[in-house]
Every structure is written in structure tokens, then in C-alpha cells.
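The block underneath contains the structure these notes are about, expressed in C-alpha cells.
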Amino acid sequence: MFSSLTTPLPLWEGYGGGSFIAMANIKSLVKDTAVYGMSSIIGRFLNYMLVPLYTRVIPAESGGYGMVTNLYAYVALILVILTFGMETTFFRFANKDDENPHCVFSTTIFMVSALSAVFLAIVFGFINPISEILGYVDHKDYILMLAAVVALDAFQAIPFSYLRYKKKAIKFASLKMLFIILNIGLNLIFFVLLGKTDVFYVFALNLVCTGLITFFFIPEFAHEHVAARVYCKEKGVKFKIVDFDLLRRMFKYSWPILILGIAGILNQTADKMVFPLVCPDAQEAKVQLGIYGACVKIAMIMAMITQAFRYAYEPIVFAKSKDGDKKEYYSLAMKYFLIFTLLAYLCVIGYMPILERILGGDYREGMKVVPIVMAAEIMMGVYFNLSFWYKLIDKTIWGAWFSAAGCIVLLAVNYFFIPEYSYMACAWGGVAGYGTAMLLSYFIGQKKYPIDYKVGRLLFYVAVTAVLYAVMHFVTEGMGDIPRMAINTVLILVYVGIVWKLDIPKRKRA
């Protein structure tokens, strides 16, 4: 296991006879990740324009940005519930030889649309008690707007999955970018040109942009409907918009993924929901939560990378489930995922003096959480890579148990330590929660579906990153921004040099 620490292992050396095929698939993964990643990273980067905007027009002491952080945490949780694990389920069933992929698509759309309609009916029918429970009696309109947003987002999740299934990465990326551009443009008009300062417009503009994007899927639905009829005619099967027998089987597969998703999203958002409930001072809770929520935005580059990787990787995993070299491929993907995310980690830490200027001055005190939250996000990404073993053997209940365990640890840390340590407890709670889920998935996965992940090499890169981070943090402390970033740049290049020496194939260096 640890021999890889001393011997360079280029991509196609030391991995067996299927390595050239695995390498070709890695190239495909890199290409798709680049498209999805650029749309995600550029989109998030552009969306960061809203962070300096909001943190300048909404003072921290007002607690307005804390309200935004708190309510969007609930949105993220509800979105997972409404999609019901159907994104992964769609890929699984659409790639089965004995299933009609067109019927899988339409049945999935039916399921998610029905759940979204029920959700909207409940929110609009019981808005008074809901707003009272959440503490927003004076802002029921915020809740109603976000309910409409999350219902539309849930519906759009399946057409977006369809684009990934069809490998239409460009259209996928274009629509994601269009939403960002529309949202930023309208925010600049209202908050800068018109001088608005009410957080009402944060929610209202999101609703407008989300609604507009929905119309761009009409051609996809029309094309899919025609393709479904042609497919059914060729196969001699009855055309069905909704196959309830298929829906039953999909439900059986997806409900553990739903539990997994709920536990997973709680790992990301529970701190923002719990914070106002356990913080002794309600107004101070909104202030501190606003600072934490703004600084977490800086750390979310890891979430962007993981999401981009997931968009490209998830369809390929299920498509490769029949190939003989699949385990080798999964091992390679894990290694290069970790190498890249650790590089991103060092870059963010190294250029923190620039990144902290994204925020308004009264929010920057929370920047100390960024390295911690980013470490938690890397653990989440590793956990995602490890998660495929139970999806491929159709034992998704394992994922539910792992994520639930992680969520319990996170909630416990937040509940007991927020009153004393404020948002620092939130940051460390994420590390504890993701770390628990990651370790459980690895050790049990190695018994149920063993994959040689070259753990020695992975731990080596983690150790190198830890040493370089320590130098960045302790040695350069107290220096001016320019000399500090100059030294950090050298340290980042040291990391790149190590990767180049150990894991970049010689043929690729020419």
C-alpha cells in the first residue's frame, strides 16, 4: 500500500492491462469536467459579485444577510427532498439495458413535478404557522417567493440531468451561465442603479430568473416526446408518459438516496439552521450568521470543484459499471480529484489577502473559518467519490447510514459548542461530520466492494499540503500582503513540482 510513496506511478504504469482504456475515459472525464467546471466556477465567480454587493449595501449589524443565509439553508434542504434522489435514479435506470430510457425520463419528471406541486400547496395553505415557526412573521413574502423558487429548481433538476445523460455539456453550461448573468444583471440594476437595500429583492430577483430559465427546456421536452414515440414504435412497446410499475421500482431505489441526500445537505446547511435556535441573542445570531455565511462563500470553491466533478463523473460511473477496468478507473479518478482539490486549497489560502477583499469590511473578521470549511468540503468530495460502491451494487441504504452518522456528529458539535464558540463551532462541525461519513464509507466499502485507492499516495499528498499550509499560516504571519503572497506562490509551485514529478506521465510532459 505505501510503496507508492517512494516510486512514481504515472497514469498508465502499474495499473494493469486495461490502463489505456482507463486513460481514455479519464480524458473524457477531464473534458466534461472542464465544461461543467468552467460553467460552475465562472458562474460562481460571477455570482461572487453579489457577495461584495450584499455585504456593502446590507450592513452586518442589521442581520439582513443573516436572514438570507438562514432561509437559503432551508431552500437547499427542501430541494433535496423534492428531487427525491431522482437525479441519480434517472442515470441508473436510463442506463439499464432492459429499460425504456424515454419512459424513465418522463416518469421521473412526473414524480418530481407531483412532489413540487404538493409542496407549494402546503406552503401557500399554511403560510401563517410556517412563518411563525421560522421566525419570519413579518416576512411571509420571503417564504412564499423561496417556495416557488425551490419548486422550479426541483423541476429543472431533471431536464438538467437529461442534458448530462445526453452529454449536452454546452447547453447545460449555457443555461447555468444564463441564470447567473440574468441574476447578477438584475441585482446590479436594483441595488446599484436604483439604490435598493431591502433583502426582499434578493429573493424576488431569484424567482424571476429561475422562472425564465424554465422556458428554455421546452425544445428538450418536445424533442424527447417525439423520440419516445419513435423508440416505442421501433421496439413494439406501448407508449407511456408515466409507467407506474417503473415508478415503484425507481422509488425503491431512490428513497435511500433521499435519506442520503437529506443527511448530506444537513451536513452543509444544518449549522445555518441551528445557529439562530441555539444562539442566546436572536439579533446577534443574525449578525454572526451573516458574517459566517458571507465568509463561507469564499470557501465554496471546493463545493464548485466537487459539483463540476460530480456532473461529469456520475453519468460515466454508471455507464462504465459493465466494464472490466472500472475499479482501476475509479481509483485514478479519486487520486486526480484529490490532487486537484488540494492544489485549489493551497491557492485559496495562498492568495487570501486578495480574496478577503471580496467582502465588506465588517464581514472580514470571519475569514478564519475559510481553511476549516474548505477542508470539510474536500472530505465531502472524497466521500462522494467513495459513495459509488453502494450505488453500483444497489445498496444505497448504506449511504443513508453514513450520511446520517455524519449529520448526527455535526449537529452535536453545533448544539453543544455554538453558544460558546459561535460560528467557529459550525466550521469544525463540518469537518467532524464529513470526516465521520468519509471514514465509514471507506472502511465498510473496502469490505463490500474493494477498490485499490492507492491510499499511501493519497495520504502523502495530504501530508505535503498540511506542511505547506503550516508554512503559509505560521511563517508568513505578520508579513505584508505582497511578500506573503510571493512566498505562498513559491510554496504552491513546490506542490505542483511534486505532482509533476510523481503523477504526470512522461509522455504528457513533452
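Is it the case that Val409 is surrounded by 17 or more Cβ atoms within 10 Å (Cβ to Cβ), among the aliphatic types (A, V, I, L, M) and either modelled with pLDDT of 90 or more or not in a helix (DSSP H, G or I) (or both)?
Values: surrounded by 17 or more Cβ atoms within 10 Å (Cβ to Cβ): yes; among the aliphatic types (A, V, I, L, M): yes; either modelled with pLDDT of 90 or more or not in a helix (DSSP H, G or I) (or both): yes.
Taking the combined requirement at face value, the residue satisfies it.
Please enumerate the residues belonging to segment 175-188 that are closer than 26 Å to Lys140 by Cβ and either touching a residue at least 60 places away in the same chain (Cβ under 8 Å) or within 21 Å of the chain's Cα centre (by Cα) (or both). Once the filter is applied, which keeps residues that are closer than 26 Å to Lys140 by Cβ and either touching a residue at least 60 places away in the same chain (Cβ under 8 Å) or within 21 Å of the chain's Cα centre (by Cα) (or both), segment 175-188 yields Phe179, Asn183, Asn187.
Scanning segment 102-133 for residues that are free of Cβ contacts under 8 Å to residues at least 12 places away in the same chain and either under 15 Å from Phe251 (Cβ atoms) or in a helix (DSSP H, G or I) (or both) turns up Ala114, Val118, Ala121, Ile122, Gly125, Pro129, Glu132, Ile133. Pairs linking a residue in segment 149-167 that is touching a residue at least 60 places away in the same chain (Cβ under 8 Å) to a residue that is surrounded by fewer than 20 Cβ atoms within 10 Å (Cβ to Cβ) and among the acidic types (Asp, Glu), with Cβ atoms under 6 Å and 6 or more positions apart or on different chains, are Pro159/Glu220.
From Ser403, Ser441, grab the single residue that is of a type in the set (Ser, Thr, Tyr), within 19 Å of Leu77 (Cβ to Cβ) and crowded, with 16+ Cβ neighbours inside 10 Å. Walk me through it before giving the result.
Values: Ser441 fails: within 19 Å of Leu77 (Cβ to Cβ).
Being of a type in the set (Ser, Thr, Tyr), within 19 Å of Leu77 (Cβ to Cβ) and crowded, with 16+ Cβ neighbours inside 10 Å holds for just one of Ser403, Ser441, which is Ser403.
Please work out if Ile372 is free of Cβ contacts under 8 Å to residues at least 40 places away in the same chain, closer than 18 Å to Met438 by Cβ and not polar (S, T, N, Q). Against the criterion (free of Cβ contacts under 8 Å to residues at least 40 places away in the same chain, closer than 18 Å to Met438 by Cβ and not polar (S, T, N, Q)), Ile372 does not qualify.
Only residues that are of a type in the set (Phe, Trp, Tyr), part of a helix (DSSP H, G or I) and in contact (Cβ under 8 Å) with a residue 60 or more places away in the chain: list them for segment 333-357, please. Spell out how you get there, then give the answer.
Keep residues of segment 333-357 that are of a type in the set (Phe, Trp, Tyr), which gives 336-337, 340, 345, 351.
Pick out the ones that are also part of a helix (DSSP H, G or I) and you get 336-337, 340, 345.
Scanning segment 333-357 gives Tyr336, Tyr345.
Residues in segment 201-222 that are of a type in the set (Phe, Trp, Tyr), modelled with pLDDT of 90 or more and surrounded by fewer than 19 Cβ atoms within 10 Å (Cβ to Cβ): Tyr201, Phe215, Phe216.
Got a number for residues in segment 189-224 being more than 20 Å from Tyr72 (Cβ to Cβ) and either in contact with an Asp or Glu (Cβ under 9 Å, 6 or more places away or on another chain) or touching a residue at least 24 places away in the same chain (Cβ under 8 Å) (or both)? Before the answer, list the steps.
First, the residues of segment 189-224 that are more than 20 Å from Tyr72 (Cβ to Cβ): 189, 192-195, 215-224.
From what's left, either in contact with an Asp or Glu (Cβ under 9 Å, 6 or more places away or on another chain) or touching a residue at least 24 places away in the same chain (Cβ under 8 Å) (or both): 192, 216-217, 220-221, 224.
Total meeting the criteria: 6.
Quick one: in segment 347-379, which of the residues that are surrounded by 21 or more Cβ atoms within 10 Å (Cβ to Cβ) and closer than 20 Å to Ala463 by Cβ is farthest from the chain's Cα centre (by Cα)? Top of the filtered list is Gly350.
How about segment 82-94: which of its residues are of a type in the set (A, V, I, L, M) and either touching a Phe, Trp or Tyr at 6+ places or on another chain (Cβ under 8 Å) or free of Cβ contacts under 8 Å to residues at least 60 places away in the same chain (or both)?
Within segment 82-94, the subset of a type in the set (A, V, I, L, M) is 82, 86, 94.
Within segment 82-94, Leu82, Ala94 meet the criteria.
Only one entry in Thr396, Thr436, Thr465 is over 22 Å from Phe340 (Cβ atoms), crowded, with 17+ Cβ neighbours inside 10 Å and at pLDDT 90 or above, namely Thr436. Checking Val287, Val296, Val278, Val274 one by one, the residue that is out of contact with any Lys or Arg (no Cβ under 9 Å at 6 or more places or on another chain), at pLDDT 85 or above and closer than 15 Å to Thr55 by Cβ is Val287 and no other.
The values are calculated or read from the model by the stated rules, or taken from the named source; none is laboratory data. In this text, all values refer to a predicted model and were calculated from it rather than measured experimentally. Reconstructed Cβ throughout: ideal geometry from the backbone, glycine too, with neighbour counts over all protein chains shown.
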